[in-house]
Amino acid sequence: MKIYFHLTIEEFTNTYLIVNDDPNVMEAILIDPAKITTQIIKQIEEGGYSLTAVLITHNHTSHVKGLTTLNKIYSPIVYAADYELCSSNACVLKGDGVIMPAGLKVEYMAVPGHTADSLVFKIGDVLFTGDAITSGIIGETSSKYSKRMLISKIKEKIFSQTDGTVIMPGHGPPTTVGAEKVFNLDMNDRLNAHGRPQVQSY
């Protein structure tokens, strides 16, 4: 498995291309198609991959606006929790579960709070978190209730992973579960007398 990162400058949104380079498979997954660039197409075509699936972490325009273009070129199955994104070539995901696109085990987890349809995908030791959590902060929420729910779900489903699990967010640089337990301002806002974050146990 290989992971390729693509940044859409206009929205500073991350798109990820995951490929299964097993010679017997040679298939690819795209996560959050913010913008379909010639570089993305080139990686798929020159690599000899078949794009078989698109995973959507949540239905915000900056994360899905490339989907229309993508569907004109390929015919991938779209996996999302929002019915608005679904057509005859889509699969609605609810709750938590496992799918096997491109011959890869993909665990999906519902982590509502930033949006009602927010999903986190786990492939190997990597979490693709969309806007649920990014380096140092959590996603924006519309109410105190939504923020409490998001924090609760992050503790339950993301912070329960091993500290070395890599987090690939929808915006910003990658991080790890261990780093976020210590340094995430929204998850751990109590500082000790020396101004250093107190390590919390989850």
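The values are calculated or read from the model by the stated rules, or taken from the named source; none is laboratory data. If you're wondering where the values come from, they're calculated on a predicted model, not measured in any experiment. Using ideal geometry, Cβ is built from the backbone for each residue, glycine included, and neighbour counts are taken over all protein chains shown. Ligands, DNA and RNA are stripped out before the accessible areas are found, and what is left, the full protein with its side chains, is counted by its heavy atoms. Shrake-Rupley method; radii C 1.70, N 1.55, O 1.52, S 1.80 Å.
Condition check for Gly48 on (1) part of a loop (DSSP other than H, G, I, E, B); (2) within 27 Å of Phe159 (Cβ to Cβ): one failure, at (2). Pairing each residue of the stretch 11-24 that is under 20 Å from Val54 (Cβ atoms) with any residue that is of a type in the set (S, T, N, Q) and not in a strand (DSSP E or B), provided the two are 6+ apart or on different chains, yields C-beta distances under 7 Å for Glu11/Ser62; Thr13/Ser62; Leu17/Gln43.
Rundown of residues vs (1) among the hydroxyl-bearing types (Ser, Thr, Tyr); (2) part of a strand (DSSP E or B); (3) modelled with pLDDT of 95 or more, yes/no style:
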| site | (1), (2), (3) |
| --- | --- |
| Glu11 | no, no, no |
| Asn14 | no, yes, yes |
| Ile18 | no, yes, yes |
| Val25 | no, no, yes |
| Ala28 | no, yes, yes |
| Ala34 | no, no, no |
| Ile40 | no, no, yes |
| Ile44 | no, no, yes |
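On inspection, Thr129 passes the criterion of being of a type in the set (Ser, Thr, Tyr), in contact with a strand residue (DSSP E or B) (Cβ under 8 Å, 6 or more places away or on another chain), modelled with pLDDT of 95 or more and under 19 Å from Ala81 (Cβ atoms). Cβ-Cβ contacts under 8 Å between residues 6 or more apart (or on different chains), taken from a first residue in the stretch 164-190 that is within 23 Å of His63 (Cβ to Cβ) and in a loop (DSSP other than H, G, I, E, B) to a second residue that is of a type in the set (Ser, Thr, Tyr) and open to solvent by less than 40 Å² (accessible area, probe 1.4 Å), are listed as Gly170/Thr13; Gly170/Thr57; Gly170/Thr129; Gly170/Thr134; His171/Thr13; His171/Thr134; Gly172/Thr134. Among the residues of the stretch 51-95, the ones that are in contact (Cβ under 8 Å) with a residue 40 or more places away in the chain and open to solvent by less than 10 Å² (accessible area, probe 1.4 Å) come to 9 in all.
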